[in-house]
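The values are calculated or read from the model by the stated rules, or taken from the named source; none is laboratory data. Remember, it's a predicted structure, so these values are computed and weren't measured experimentally. Positions of Cβ are backbone-derived with ideal geometry, glycine not excepted, and every protein chain shown enters the neighbour counts. SASA here: full protein model, heavy atoms, side chains in, ligands and nucleic acids out. Shrake-Rupley method; radii C 1.70, N 1.55, O 1.52, S 1.80 Å.
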Amino acid sequence: MATSADPAWTKFVYGGVSCMAAACVTNPIDVVKTRLQLQGELSKRNPSEPLRYRGFIQGGLQVVRDEGIMGLYKGLFPSILREASYSTLRMGGYDVIKEMLGGYDARSTPLWVKITAGATSGAVGAAICSPTDLVKVRMQAQGVPGKASAYNYPSTISAFGIIYNREGVRGLYKGVVPTTQRAAILTATQLASYDHIKQAVLAAGVLGTDGPLIHFAASTCAGFIAAATTSPVDVVKTRVMNQPLGPAGVGLLYANSWDCVLKTIRSEGFMGLYKGFIPNWLRIGPHTIVTFLVYEQLRRMAGLKPI
């Protein structure tokens with residue numbers, strides 16, 4: 001891992017840029033994932049009522065039929081804005097915090113140090129930048145034919161203003177708890193597993209020296225691990241953020257994230273927490289691969305040590 005001699009700001013900038021590139025690639029998958037997670041919310045499945053989105057591929061085609069190809073790019077700008085803020089902090093902070101815990105040598109740094117660094121940087125980034133995630137979720141959810149949307153924002157910038165005027169600062173941070181929980185779990189599993197798997201592969205010598213092939217293999221594994229651990233929290237985060245509000249600005253469906261978990265299980269069964277798992281995996285997988293391929297190349301071009 002990079003030593004303290006490497007400029008800290010470059011790790012933050014390159015981390016944010018790599019995640020922004022990944023967001024551009026995976027936004028269509030993110031839209032389909034969000035629609036699947038919200039479909040049939042708090043309702044038991046009625047076999048006589050056909051689902052609008054029946055899986056990842058059909059769901060994507062349905063969005064295109066209903067809303068055009070640009071329907072798959074709803075929420076792209078807030079998604080990029082989110083990566084530019086939240087991911088800049090979590091990616092750059094991972095190195096900084098890991099070094100604070102003594103993790104200078106990638107080959108000998110224990111796994112717990114990597115997990116702690118990832119969880120801390122992810123939680124800090126999400127807690128600060130939660131409003132960008134809120135806007136992204138709401139904009140990706142709006143526009144489903146035949147379903148009244150709780151929110152309808154004409155643009156990303158106006159969305160921030162409308163939320164602030166109607167719901168106040170607290171409204172901008174609605175869902176911050178499940179968002180922070182998800183980010184801590186995601187970064188702890190994604191960055192730590194990539195870091196650890198990559199070092200294990202290098203030590204085994206099965207894929208040659210440090211390069212794109214090893215980056216691809218390690219990021220593929222890290223993407224699956226991250227998807228498996230974060231899917232339930234991601235469902236809760238999406239639902240809490242997208243729920244309609246009463247006159248007092250209080251959510252009409254869920255009192256908090258734990259209430260959302262219990263209601264989802266009671267109404268939809270335990271697997272309701274894994275709605276949208278396939279598109280979530282198909283999003284986090286490519287997102288993780290693109291992120292680390294770009295991040296490692298940017299670090300190499302800048303003369304920084306690889307992860």
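Picking from 191, 202, which residue would you name as being part of a helix (DSSP H, G or I), open to solvent by less than 10 Å² (accessible area, probe 1.4 Å) and in contact with a Ser or Thr (Cβ under 9 Å, 6 or more places away or on another chain)? Every option except 191 fails the conditions. Can you pull out every residue in the range 162-179 that is under 25 Å from residue 230 (Cα atoms) and open to solvent by 30 Å² or more (accessible area, probe 1.4 Å)? The answer is 170, 173, 174, 176, 177.
Can you tell me which residue is nearest to residue 279 (Cα to Cα) among those in the range 48-68 that are β-branched (Val, Ile, Thr) and surrounded by 13 or more Cβ atoms within 10 Å (Cβ to Cβ)?
Taking the range 48-68 and keeping what is β-branched (Val, Ile, Thr), we get 57, 63-64.
Those left that are additionally surrounded by 13 or more Cβ atoms within 10 Å (Cβ to Cβ): 63-64.
Details: 63: 14, 64: 16 Å.
Looking at residues that are β-branched (Val, Ile, Thr) and surrounded by 13 or more Cβ atoms within 10 Å (Cβ to Cβ), I get 63.
Is it the case that residue 33 is more than 17 Å from residue 294 (Cα to Cα), open to solvent by less than 10 Å² (accessible area, probe 1.4 Å), modelled with pLDDT of 80 or more and among the basic types (Lys, Arg)? Give the derivation first.
Working: more than 17 Å from residue 294 (Cα to Cα): yes; open to solvent by less than 10 Å² (accessible area, probe 1.4 Å): yes; modelled with pLDDT of 80 or more: yes; among the basic types (Lys, Arg): yes.
Taking the combined requirement at face value, the residue satisfies it.
Taken over the range 225-242, the criterion of being buried (at least 24 other Cβ atoms within 10 Å of the Cβ) and small (Gly, Ala, Ser) is satisfied by 226, 227. Answer with yes or no whether residue 186 is open to solvent by less than 40 Å² (accessible area, probe 1.4 Å), assigned to a helix (DSSP H, G or I), over 19 Å from residue 255 (Cα atoms) and modelled with pLDDT of 90 or more. When the stated conditions are applied, residue 186 passes them. Summed over the range 130-145, the residues that are modelled with pLDDT of 85 or more and touching a Leu at 6+ places or on another chain (Cβ under 7 Å) give a count of 3. It is to be established whether one or more residues within the range 110-133 are open to solvent by less than 30 Å² (accessible area, probe 1.4 Å), in a loop (DSSP other than H, G, I, E, B) and in contact with a helix residue (DSSP H, G or I) (Cβ under 9 Å, 6 or more places away or on another chain). No, the conditions are met nowhere in the range 110-133.
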